[in-house]
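> The structure follows.
Every read-out reported here was derived from the displayed coordinates using simple, explicitly stated rules and does not represent laboratory data. Because the structure is a prediction, the values reported are computed rather than measured. Note that each Cβ is placed from the backbone with ideal geometry, even for glycine, and that neighbours are counted across all protein chains shown.
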Amino acid sequence: MAYNILVVDDSSIIRSVIKKTLKLAEVPVNELYEAENGKEGLERLTEHWVDLVFADINMPVMTGIEMIDKMAADGLLKTIPVVIVSTEGSATRFDELSKKGVKAYIRKPFTPEVLRDVVKQVMGEEGHGEKSQ
Amino acid sequence: MEKNHSELLIKVLEKVLEQLAFMFAEAVEKGELVGERERYLYATMTFKGHTSGTIGIAITEETGKALANNILGIEEGEEVGEDKSIDALKEFINIVCGQLMTKVFGEGPVFNLSVPEARKLTTEKWEELKARPETVGMMVEEMPMLAHVSF
């Protein structure tokens, strides 16, 4: 099954890297949508069917955490798995995000293998949040 | 900047450059960083938590291009736009800041990191930055880099 994936990050470099890494990791991608912040991310989610979201935390306009809170308040959007891709390494932060329903946490910089394993874990065995560094 | 903080900053810069961009860096005496008519980029960001502070990284425009090329896996000879160089530097400092917080304070504390800002730097401002006691000097594949962090 190929996935529709949304990448939400204010860095065009990181969006490109995730796109490239998904290809390198041979993750089956049908459509890849991009957004520069949480607000745009929510717009993409209402425009398109998305199977998986990769989101940064610190972004202008709307942060990844604010976007996740908005998704959680929506009956349909709250079912979409979210993986945080961030530079932050705080275990406390990860615990907070897990409580908000975040499925996994990838710390930048990351390898194709980490990304592949997280997609496999989240899409194959949903419900097991895991921190990947 | 305390000596152990500058040493940690250098270690983090080396590690992130290697992991993010497959580039190798080493600390050098700032006096060795002689640049003539170079054009520079300077990024800064703040962190707020139980301790607050600022981190800054300055590189040449050439290093910015190399950083963007390496992160994106663009072949040598192909051009990346200035926006990509700036974006690469912002992402670089963002990752360095996150990694440094963990190195210095461990995985417990939560820090709110600002969105990085980047701008061009004149040679005069580069020299001013280099002269500051808290600034460390590095060579990234034979290209100069300055960095500082204050808590």
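> Being free of Cβ contacts under 8 Å to residues at least 24 places away in the same chain and of a type in the set (Lys, Arg) narrows it down to one residue among B:Lys15, B:Lys65, B:Lys103, B:Lys30; which is it?
Working: B:Lys15 fails: free of Cβ contacts under 8 Å to residues at least 24 places away in the same chain; B:Lys103 fails: free of Cβ contacts under 8 Å to residues at least 24 places away in the same chain; B:Lys30 fails: free of Cβ contacts under 8 Å to residues at least 24 places away in the same chain.
Only one candidate passes the filter, namely B:Lys65.
> Restricting attention to segment B:128-151, report how many residues are acidic (Asp, Glu) and surrounded by fewer than 13 Cβ atoms within 10 Å (Cβ to Cβ).
2
> OK, next. Taking segment B:68-78 as the region of interest, how many residues are buried (at least 16 other Cβ atoms within 10 Å of the Cβ), without any contact (Cβ under 8 Å) to a residue 40 or more places away in the chain and within 9 Å of chain A (Cβ to nearest Cβ)?
2
> Take the residues in segment A:69-100 that are surrounded by fewer than 17 Cβ atoms within 10 Å (Cβ to Cβ) and in contact with a strand residue (DSSP E or B) (Cβ under 9 Å, 6 or more places away or on another chain), then tell me which one is nearest to B:Leu13 (Cα to Cα).
Here the residue is A:Ala91.
> Also, quick follow-up: Of a type in the set (Asp, Glu), within 11 Å of chain A (Cβ to nearest Cβ) and touching a helix residue (DSSP H, G or I) at 6+ places or on another chain (Cβ under 8 Å): does that describe B:Glu91?
When the stated conditions are applied, B:Glu91 passes them.
> Moving to a separate point now. Out of everything in segment B:106-123 that is within 15 Å of the chain's Cα centre (by Cα) and of a type outside the set (A, V, I, L, M), what residue ends up being farthest from the other protein chains (Cβ to nearest Cβ)?
Result: B:Lys120.
> So B:Gly81 clears everything in (1) surrounded by fewer than 23 Cβ atoms within 10 Å (Cβ to Cβ); (2) more than 14 Å from chain A (Cβ to nearest Cβ) except one condition, right? Which one?
It is condition (2) that B:Gly81 fails.
> I'm checking my understanding of the structure. Among residues of segment B:35-48 that are over 13 Å from B:Cys97 (Cα atoms), touching a residue at least 12 places away in the same chain (Cβ under 8 Å) and not hydroxyl-bearing (Ser, Thr, Tyr), which one is surrounded by the most Cβ atoms within 10 Å (Cβ to Cβ)?
Initially, segment B:35-48 is screened for residues over 13 Å from B:Cys97 (Cα atoms), giving B:35-42.
With touching a residue at least 12 places away in the same chain (Cβ under 8 Å) added as a condition, the list becomes B:35, B:37-42.
Right, trim to not hydroxyl-bearing (Ser, Thr, Tyr) and you get B:35, B:37-39, B:41.
On the way: B:Gly35: 15, B:Arg37: 5, B:Glu38: 17, B:Arg39: 14, B:Leu41: 24.
Residue satisfying both the conditions and the ranking: B:Leu41.
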